[in-house]
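Chemist: Let me begin by handing over the structure; questions about it come next.
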Amino acid sequence: MTAASYGMLSRTTTPGCPKSAPTNRQIRSARKCGSKNKTEPTCRREIMAERASRAIKVERKLSVILGGYQAHSKVPDSKLVAAFKKFEQVEIDTQAFNMLYASEQTAILVRIEKAQDELCKAETCEE
């Protein structure tokens, strides 16, 4: 049994052809144009126009399907971004209040010392 009997024809180049033999799809496309010469520019334009219209239809269907998924995925994304912004703001506020607390702790000691000095001066003046 040969490969041809199983329907497995190999694509081999022949001495007259620079590449392999045309595929069945190429032959059907050439027949649609009504031309045996598949390299004719008008035939190729017709084939390209047909394929472009099919691609546009498929892209429309795909955008409808994917559009729902994209809209659905934007909701968690926007919530996550908003939560992260809030987290960053809380972190900045916490750092600011910690610095304010530290500066107030040192300022309180200075204020207490001044108040005690003024109290001593007032007591000495009254005596």
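The values are calculated or read from the model by the stated rules, or taken from the named source; none is laboratory data. Predicted model, so just to flag it, every value in this text is computed and none were measured. The protein model used for the area step is the full one, side chains on, heavy atoms only, and it has no ligands, DNA or RNA in it. Shrake-Rupley method; radii C 1.70, N 1.55, O 1.52, S 1.80 Å.
Chemist: For residue 64, all conditions in the list (1) hydrophobic (A, V, I, L, M, F, W, C); (2) modelled with pLDDT of 90 or more; (3) open to solvent by 80 Å² or more (accessible area, probe 1.4 Å) hold save one; what is the number of the exception?
Modeler: (2)
Chemist: Also, quick follow-up: Answer with yes or no whether residue 84 is hydrophobic (A, V, I, L, M, F, W, C), open to solvent by 70 Å² or more (accessible area, probe 1.4 Å), under 26 Å from the mean Cα position of the chain (by Cα) and modelled with pLDDT of 85 or more. I'd like the intermediate steps shown before the answer.
Modeler: Values: hydrophobic (A, V, I, L, M, F, W, C): yes; open to solvent by 70 Å² or more (accessible area, probe 1.4 Å): yes; under 26 Å from the mean Cα position of the chain (by Cα): yes; modelled with pLDDT of 85 or more: yes.
Judged against the criteria, residue 84 is a match.
Chemist: Taking the range 41-61 only, how many residues are open to solvent by 70 Å² or more (accessible area, probe 1.4 Å) and modelled with pLDDT under 85?
Modeler: Selection size over the range 41-61: 4.
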